[in-house]
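In what follows, a single structure is set out as structure tokens and then discussed.
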Amino acid sequence: MTEPGRYAIPKQLEPPSDSARINTKSKQANMENVKRLRSDWRYPTTLLCIYGFFSTVKPLEPFLIPFLTGKDKNLTTEQVNSQIFPVWTYSYLSVLVPVFLLTDWLRYKPVVVLQCVMLFITTALLRWAESVPAMQAMQFCYGVATASEVAYFSYIYSVVDLKRYRKATSYSRSFQLLGYTVGSVLGQLLVSFNLMSYNNILVFTLVLTAIALITSCFLPMPKRSMFFHRKDSRKRASTEGTKRQRDGSEDKEHDLERSSTSLGDKDDQEQGVDEDDESDENKGAKSCSQVVIGLWRDFRRCYSSRQLLYWSVWWAMATCGYNQTVNYVQVLWEHVQPSQNFSIYNGGVEATSNLLSAATAYGIGFTDVRWEQWGELALGGFSGLGAAALFLMTFTNNIWVCYSTYAIFKCLYMLLITIAMYQIATDLSMERYALVFGANNFGALLLQTIITAVVVDSGGLGLAIVPQFIIYASYFLAISLVFSIRGVFSVCKTQRMKKKQSTVNREQPEICEEYKF
């Protein structure tokens, strides 16, 4: 009698059942779908939009001054204006350049996460800390978060194709603006109907920031960056360089890759070897020095264009004045209407100005104006209107006039900065645009630091809010005069060149007729 199972097929050799095969195929199909989804440009764009929305919903921001000077914190307006707010400007300036380079070296995502962490710490300090030094620490954290915003705008270019840049940029910026608007409207509703106290609103903001932080952790890690990790891989650069030199065809992409590698890499490419004699630390140092040299070379090339230089000067100067105005406008509103009754409308004013600014910037895309000819005159004229709005805002005793002129000022700035961005980006590659963008913002922040130290800080003049805004309005008036004069000169020069060209064109046929005879 045979032993049971002696001639039976071992269990592991039995053919899989139909249900097992179906399950295996479905799992493989699901894995492929997940991989396809993560590789599609919509996946990182959607996550970044969600992050941008939840990280910018700040219901308390329009009511920050009433909160700090109210019973919750018991700070004076002078302390907020002269001791607390200036810390943001100083910290922003001190970390902007390191964060800019670190963002590219770490390939964006870690700095996006860092930004959200700093926003969370800022909100937590605002909720539970009370002293002036604690509020100064809060402003420092917010300065780091603001400097890290460069990672949010740069991340999307490292994970999507060039042809998707415009759509991805539009989506990410729109959701960020939507977050600001929803935050202002939400804050207005919560305060107007007394649905939450200021402290509870901060706790609610912490929850929204936590959602943004969790979302940022799911962002795909980019494989390349604009400066430190261009197309990557020394080996690939070496093999591609050797192959293309053998074929005798070097295209522009190859030139870009060769310029982004270090001098040692170029020697390796010429010799066709793949040696690794140096330590990783030395490689990083050489790569970093090469990147800095390349940045300086690109910087000089970009600003050698007079047209780009003029637009960049306006960008830096106007952004400085705009930031100062937006940072301290709530203090002015408190001065115009000391009663707490009107401060409840701050959220509605911010929401309205954001929507009008977005509509103004969006409408620029449908205008057919030769900005290279009329742009400087437009910068001067609209800057003058902004100066007039600031003067009216400063000297009026009507809070509604103050609100209205603030919205007008904000719309004018958004209109002009959109034109400036378009004009500067027209003839620049994405890498050089990022460099110019960072340099212009650094220039604006440097000017803002000087104005803050001299005008606002208690260690300087420590002026009251009305003299401050008189200086800001006069500042924009000076910008208006300079660029209006420059714009008139440019238009007259263009018209003279056109007349000269038309005269030459008319004389040319006459000369030809004479030679015929």
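Read-outs throughout are calculated quantities, based only on the coordinates presented, and are distinct from any laboratory measurement. The structure presented is a predicted model; accordingly, all values stated were derived computationally and were not measured. Please note: Cβ atoms are built from the backbone with ideal geometry, for glycine as well, and neighbour counts cover all protein chains shown.
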Checklist entry - Hey, rough spin-label estimate for Val491 and Leu189, points 7 angstrom out along Cα→Cβ, what's it come to in nanometres? => result 4.6 nm
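What FRET efficiency, computed as 1/(1 + (r/R0)^6) with R0 = 60 Å and r the Cβ-Cβ distance, is obtained for Ala464 and Lys498, rounded to the nearest 0.05?
With a Förster radius of 60 Å, E is 0.70.
Using Cα pairs closer than 8 Å and at least 6 residues apart in sequence, work out the relative contact order for the stretch 365-434, in percent.
Across the stretch 365-434, relative contact order equals 32 percent.
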Checklist outcome for this item: Under the Karplus relation with 6.51, -1.76 and 1.60 and θ = phi - 60°, whole-Hz ³J(HN,Hα) for the stretch 63-74, x at Gly and Pro, equal 10, 5, 5, x, 5, 5, 8, x, 5, 5, 10, 6
Item to check | Leading residue at positive end of dipole, the stretch 344-460 (Cβ point charges), from Gly347, Gln448, Tyr433 | outcome: Gly347
Checklist entry - How many times 2.2 N^0.38 Å is the alpha carbon radius of gyration of the stretch 118-232? => result 1.30
Checklist entry - When only C-alpha pairs under 8 Å and at least 6 residues apart count, what is the relative contact order of the stretch 352-500, in percent? => result 42 percent
Checklist entry - From the cross-link list Lys58/Lys167; Lys163/Lys493; Lys58/Lys109; Lys167/Lys410; Lys58/Lys410; Lys410/Lys493, which pairs have alpha carbons spaced over 28 Å apart? => result Lys163/Lys493; Lys410/Lys493
Checklist entry - Mind listing the phi-derived Karplus ³J(HN,Hα) values for the stretch 304-313, rounded to whole Hz, using 6.51, -1.76 and 1.60 with θ = phi - 60°, and x for any glycine or proline? => result 6, 7, 5, 4, 5, 5, 5, 5, 5, 4
Checklist entry - Asp72 versus Ile214, label points 7 Å from Cα toward the beta carbon: distance in nm? => result 2.4 nm
Checklist outcome for this item: Length gained, Val454-Ser197, 0.36 nm per residue minus C-alpha separation, equals 88.9 nm
Checklist entry - Which whole-Hz couplings ³J(HN,Hα) result when phi for each residue of the stretch 410-417 is put into the Karplus expression 6.51 cos²θ - 1.76 cosθ + 1.60, θ = phi - 60°, listed in order with x for Gly and Pro? => result 5, 5, 5, 5, 5, 4, 6, 5
